[in-house]
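Asker: Sharing a structure below in structure tokens format, with a few things to ask.
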Amino acid sequence: MPAFLISLLRTAVPAAWGWIVLRLIDVGVPGGPLAGLGPAVEQLVTAGAVVAWYFVWRLAERYLPDWLTALVLGHPAAPVYQSALSGPQR
């Protein structure tokens with residue numbers, strides 16, 4: 001799979017998960033974390049949830065099976081880019 005596609009997956013999938021988890025918490029908890037917040041604060045809280053999701057799973061990634069890493073982060077491996085000067089990087 002091309003590195004560009006891997007990088008897109010590893011950006012979009014954690015962002016979607018963070019948003020989904022925050023929405024589920026907000027729906028399931030009366031007066032949830034987004035209740036009564038303005039749109040700007042709601043966006044900041046959502047961004048924080050996405051960052052937290054990504055951070056936790058990146059820390060746990062080395063201990064997880066590939067299928068679970070792909071599920072929560074979009075792909076089991078980080079993208080590897082080629083340098084125009086030195087060839088493939090490892």
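All of the numbers you see were taken from the coordinates with simple rules; none came from a lab. These numbers come from a predicted model, not from an experiment. Because the Cβ atoms are built from the backbone with ideal geometry, glycine has one as well, and the counts that use them run over all protein chains shown.
Asker: Starting from the exponent 0.38 and prefactor 2.2 Å, build the expected Rg for the range 3-88 from its residue count and divide its actual Cα Rg by it. Don't skip to the end; give the middle numbers.
Answerer: Values: Rg = 16.1 Å, N = 86, 2.2 N^0.38 = 12.0 Å.
Dividing the Cα radius of gyration by 2.2 N^0.38 Å gives 1.34.
Asker: Express the relative contact order of the range 3-88 as a whole percentage, based on alpha carbon pairs under 8 Å and six or more residues apart in sequence. Before the final figure, lay out each step's value.
Answerer: Details: 70 pairs, mean separation 38.3, N = 86.
With pairs under 8 Å counted, the relative contact order is 45 percent.
Asker: I'd like the FRET efficiency for Leu64 and Ala40, computed as 1/(1 + (r/R0)^6) with the beta carbon distance as r and R0 of 35 Å, rounded to 0.05. Before the final figure, lay out the partial values.
Answerer: Working: r = 35 Å, r/R0 = 0.99.
Plugging the Cβ-Cβ distance into 1/(1 + (r/R0)^6) gives 0.50.
Asker: What net charge is computed for the residues neighbouring Val72, neighbours being all others with C-beta under 15 Å from the C-beta of Val72, Lys and Arg scored +1, Asp and Glu -1?
Answerer: Working: positive: Arg10, Arg58, Arg62; negative: Glu61, Asp66.
Counting the neighbours of Val72, the net charge comes to +1.
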